Amino acid sequence: MATESIKYLSPDTENKAKTQVFPRPGQHTTGLIDWLTTIDHKKIGLMYGLTALFFLIVGGIEALLIRSQLWDHNMTVLTNREYNQMFTMHGTTMVFLVIMPLSAAFFNFVMPLQIGARDVAFPRMNTLSLWCFIVGGLVLNLSWFFTGGSPAIGWFGYAPLTDTRFAEVIGDMGPDFWIFSLQILGVASLLASFNFITTIINMRAPGMTMMRLPVFTWMTLIVSFLIILAFPAITIALVELMFDRTYGTNFFDFLEGGKPHLWQHLFWIFGHPEVYILILPAMGIVSEVIPVFSRKPLFGYGLIVFSGAIIGFMGFAVWSHHMFTTGMGVVATSAFAMLTMLIAIPTGVKIFNWIGTMWGGRIRFDTPMLFALGFITMFMIGGFTGIMHSSVPIDAQHQDSYFVVAHFHYVLIGGALFGLYCGFYFWLPKMSGRLMNEKLGKFVFTLMFIGFNLTFFPMHYLGMIGQPRRTHTYNEGHGFEMWNQAATIGAFILGVGIVIGIYQFVNSFFNKKLKPAGKNPWDARTLEWTLSSPVKEYNFSRTPIIKARDQAWENNYGSKENHSEKEPLDDHGVHMPDRSWWPLVTALGLFGLCLGMLFHRNIDPSGELVRNYTVAIAGGAVMVFGIIMWALEGPGGYHLFPKEEEE
Amino acid sequence: MSDASAHALEHHEPVTSTGIPNKKVLMWAFLGSDCMFFGTLISTHLIYRKISATVGGNFLDIRDVFDIELTSFSTFILLASSLFMALAVSAIHKGNLKSTRWMLLGTIVFGAIFLACQVYEFTHFVHAPGNELTLSTYRGEPHVFGSTFYVLTGTHGTHVAIGVFWLLGWLAYSFTGKMSTAHALDVEICGLYWHFVDIVWIIIFPVVYLMEYAL
Ligand code: HEM
Ligand SMILES: [Cu+2]
């Protein structure tokens, strides 16, 4: 990136004297080594995005197989076990390998730019999060190739489905792969969240007070807190489950005194905050996009931020609405019903804020705005059905029916995925430096909107007339066929829309014929739009001094005293930390440790169980070695001397 | 650290928005999260303690296997180690390398004694004649107490062990001749972790052990 005009202090890095195993990649590293060792938050964001889009296709194929099986009564596209595996893998993939990492892609790419930082607080740790995510995705999908194939336990892994004695296939390893991959993905999410929290609290440019933070950054902060407080519950639940399956403990084993019910509590204590982890980033994106395309400041900034925080807080107090039919007792059930109804209020507040922002604005209907509008309307439908099943007697009807499937797809696709696609159409020009074809973008939106509604709206009705979810087929005579066929057709239309969208995103990085984006193609409002597209590796040649919320807009249209200033050039130049191999090595060690744990049990010829921890220990040793070398190598660094206009 | 890079780093010790060093914010965020890890484990233990208190129809008396004198001793040792830790942090802030070393060593030794007690306790419990408490049984009958007990206290023990290795790392580093007050922050963060792990034990000890004698 524009290295010609940059002179550098000492060729390559300053720490040649250090303990080294492989040479540390220097300043001018390019190509594969650069991608493997990068610590640049922008490249990490891109890799998160690309990997997640790949898994979106994987999860989508699983979904289409499910829909094909349900096309007609008593179909045989999938056996019942394969069907269970499909919906387990589909759910797990979409939640942990698609929506969360897509959000992380935007957190990584956008948040540091929005607060005026040169990178996140711990760049190498950020790289480790990325590799842990990729390793976790790999472990989950490796399950297809081993005993029993993929897990068939649902994305919620309810006990006693996970009990080894009830496995349909003897020695079924699916649930073990599921456990270990979720643990690694948990590590990835936790590390990333610690990093984002530190970055937002500590690395804001001068003048960027908390109440000047862009809403997307606020949502990043809130989601990071949700992750660090909610993931421990599932991590421990998974540890307990792993002990049950591997060492015979009785946590969830009802034959030996354990309580499967406890699993549900631990899972949903994580699970409900998790649904807000999935939706708040999309809400943040939409809160950035709507003001831009309405050419008005966000209506009620404080309220939006505050209601986001309240949603996050209350999200920890409603988990048992997933368990209304388990017989928790009247008091608990009523309390959770009431809290669930209450949480709809801050959600509604946000919707009114977005409407208020558009009210009286000069609205432009570019693709990002279409997705934002799609988000609001579709998310509202999902919200309404959510409030419906917060009522306990009504939920008794909805529970385990297609009505619930309709609900959560309205919030997850109509909400989260539309919001994330909105983010791609909005921010990709900043990443790639090129504008995408508007016509194709609108076509993608139309396909997705029609396909999505055709798939999921009928499911409300199917649920009402009694089609159970998680069931591989249905008999003739219930009247389920017609709407299931509509849903299947819709799913394929949605799939085509999603894939064309992905093509368009990837294409914008390679197609030189596309129009250059320039600094601020949308006339947008926040700090990242003051930088060139694509953004230079050092982000800001000089740290900006912030004078107002919506700084880019103020610089263009605001009064003089609201224009941002810049810190004086330091004669040391811009300090850039060095790339590193150790995050990758550490993640590979973790991979080895997991494989070692997965395969440590063998049955010897006499039928005895023998445990062999060699691989696990070797993997663990590599991991520890990676961490030690990482600590010894230090951040390193080199200096850049960008000219001022090169931002 | 070579002179050149130490110089470079000093110049770039980032100025943070809050004035609190990044590493410290990171550690506090981790500890907040760790509270939830232990919270989940302790809740699991308490829930099962109440709802599955019998073995073979008889009320479970875990006191038959517990060795409260030993555990009280190891609790005392662990708490005392926090004093050494605090002294080590204070010594490195003052640049007193020799005292830092001794205090780190004291923390490590006390941490190791605690771990040794735990290993002894675990083996002792598993083989207690007539009162064997294993991961899945008590007195030979299926039970959950062993599951929650070993996994909870074992997780805590793992935390202590990680702390011991971390401190050993600093002790080793102090002999390389590169350690200076520039590392005070790192040692302090290590100390934050160590004190936190101690505090968790202050909760576990009454909840898991003492309560069996009181209630
Ligand atoms: C207005 C706010 C919301 C309310 C009141 C609400 C309420 C509920 C309730 C009561 C259930 C349990 C239904 C049952 O199983 O019988 C449920 C399920 C679900 N909700 Fe929501 N919800 C809301 C928003 C969301 C959001 C924003 C998301 C995700 C982005 C979400 C995702 C889910 C999922 C994934 C399930 C099903 C989980 C499963 O059983 O596998 N919900 N919701
Ligand atoms: Cu929920």
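The values are calculated or read from the model by the stated rules, or taken from the named source; none is laboratory data. Just so we're clear, the structure is a prediction, and the values are computed from it rather than from any experiment. Neighbour counts run over all protein chains shown; Cβ positions are idealised from the backbone, glycine included. Accessible surface is based on the protein model in full, side chains and every heavy atom, while ligands, DNA and RNA are left aside. Shrake-Rupley method; radii C 1.70, N 1.55, O 1.52, S 1.80 Å.
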For the residue pair A:Ile351 and A:Phe22, what label-to-label distance in nm results when each label sits 7 Å from Cα along the Cα-to-beta-carbon direction?
5.2
Relative frequency of Cα-Cα separations exceeding 45 Å in region A:38-568, percent
12
Among A:Ile290, A:Phe225, A:Met210, whose Cα projects farthest towards the positive end of the dipole of chain A, with charges put on the beta-carbon of Lys, Arg (+1) and Asp, Glu (-1)?
A:Ile290
When you look at the Cβ of every residue in B:19-25, what mean number of other chain Cβ atoms sits within 10 Å?
4
Sorted by accessible surface (1.4 Å probe, heavy atoms of the protein chains only), largest first, A:His265, B:His93 come out as B:His93, A:His265
Compute the distance from the alpha-carbon center of region B:43-68 to that of region A:22-88, in whole Å.
46
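Roughly how big is the B-A contact, given as buried accessible area in Å² (both sides, 1.4 Å probe, nearest 100)?
Working: alone 11480 and 25380 Å², together 33640 Å².
Interface area, both chains combined: 3200 Å², rounded to the nearest 100.
Would you mind getting the accessible area per residue of region B:150-201, heavy atoms of the protein chains only, 1.4 Å probe, in Å²?
Counting only protein heavy atoms, the per-residue value for region B:150-201 is 36 Å².
Anything over 30 Å Cα to Cα? Flag those among A:Lys442/A:Lys560; A:Lys43/A:Lys513; A:Lys350/A:Lys515; A:Lys296/A:Lys560; A:Lys42/A:Lys566; A:Lys350/A:Lys430, in the order listed.
Numbers: A:Lys442/A:Lys560 38 Å; A:Lys43/A:Lys513 23 Å; A:Lys350/A:Lys515 35 Å; A:Lys296/A:Lys560 19 Å; A:Lys42/A:Lys566 22 Å; A:Lys350/A:Lys430 27 Å.
Going by Cα-Cα distance, A:Lys442/A:Lys560; A:Lys350/A:Lys515 fall outside the 30 Å limit.
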Per the charge dipole of the protein assembly as shown (beta-carbon charges, Lys/Arg positive, Asp/Glu negative, Cα centre), the residue among A:Met111, A:Trp354, A:Gln264 reaching farthest to the positive end is A:Trp354
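Can you pull out the chymotrypsin sites (Phe, Trp or Tyr not before Pro) in region A:559-615 whose DSSP state is coil and whose Cβ has at most 15 other Cβ atoms within 10 Å?
On the way: sites: A:Trp581, A:Phe591, A:Phe599, A:Tyr613; in loops: A:Trp581, A:Phe599, A:Tyr613.
Listed in order of number, the matching sites are A:Phe599, A:Tyr613.
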Are there any chymotrypsin sites (Phe, Trp or Tyr not before Pro) in region A:325-364 that are in a DSSP loop and have at most 16 other Cβ atoms within 10 Å? List them by number.
A:Trp359
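To the nearest 20 debye, what is the magnitude of the charge dipole of region A:491-599 about its Cα centre, counting +1 on the Cβ of each Lys and Arg and -1 on the Cβ of each Asp and Glu? Don't jump to the answer; show the numbers that get you there.
Working: 12 positive and 11 negative charges, 97 e Å.
Result for region A:491-599 is approximately 460 debye, rounded to the nearest 20.
Residues of A:233-239, mean number of Cβ from any other protein chain within 10 Å of their own Cβ, rounded to a whole number?
4
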Spin-label point model (7 Å from Cα, Cβ direction): what's the B:His127 to A:Lys439 distance in nm?
8.2
What is the distance, in nm, between label points placed 7 Å from the Cα along the Cα-to-Cβ direction at A:Phe254 and at A:Tyr461?
3.7
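So how strong a dipole does the protein assembly as shown carry about its Cα centre when Lys and Arg Cβ are +1 and Asp and Glu Cβ are -1, to the nearest 20 debye?
On the way: 51 positive and 58 negative charges, 437 e Å.
The dipole magnitude comes to about 2100 debye.
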With a 1.4 Å probe and all protein chains kept in place, how much accessible area does A:Trp522 have, in Å² rounded to the nearest 10?
20
Taking the Cα centre of region B:21-214 as origin, work out the dipole magnitude from +1 charges on Lys and Arg Cβ and -1 charges on Asp and Glu Cβ, in debye rounded to 20.
760
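Only helical DSSP H runs with n ≥ 4 go in: add -39500 (n - 2.57) per run for chain A, normalise by residue count and round the 222 nm mean residue ellipticity to 500 deg cm²/dmol.
On the way: 19 runs with 378 residues, N = 647.
Result for chain A: -20000 deg cm²/dmol, rounded to the nearest 500.
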Residue-averaged [θ]222 nm for chain B, counting only DSSP H segments that reach four residues, each worth -39500 (n - 2.57)
-24500 deg cm²/dmol
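Using only atoms on other chains, find how many Cβ atoms lie within 10 Å of each Cβ of peptide B:135-142 and report the average.
Average neighbour count from other chains, rounded to a whole number: 4.
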Using DSSP to define loop residues, name the chymotrypsin sites (Phe, Trp or Tyr not before Pro) in region B:149-215 whose beta-carbon has at most 10 other beta-carbon atoms within 10 Å.
B:Phe175
So how far, in whole Å, is the C-alpha centre of region B:89-104 from the one of region A:578-597?
34
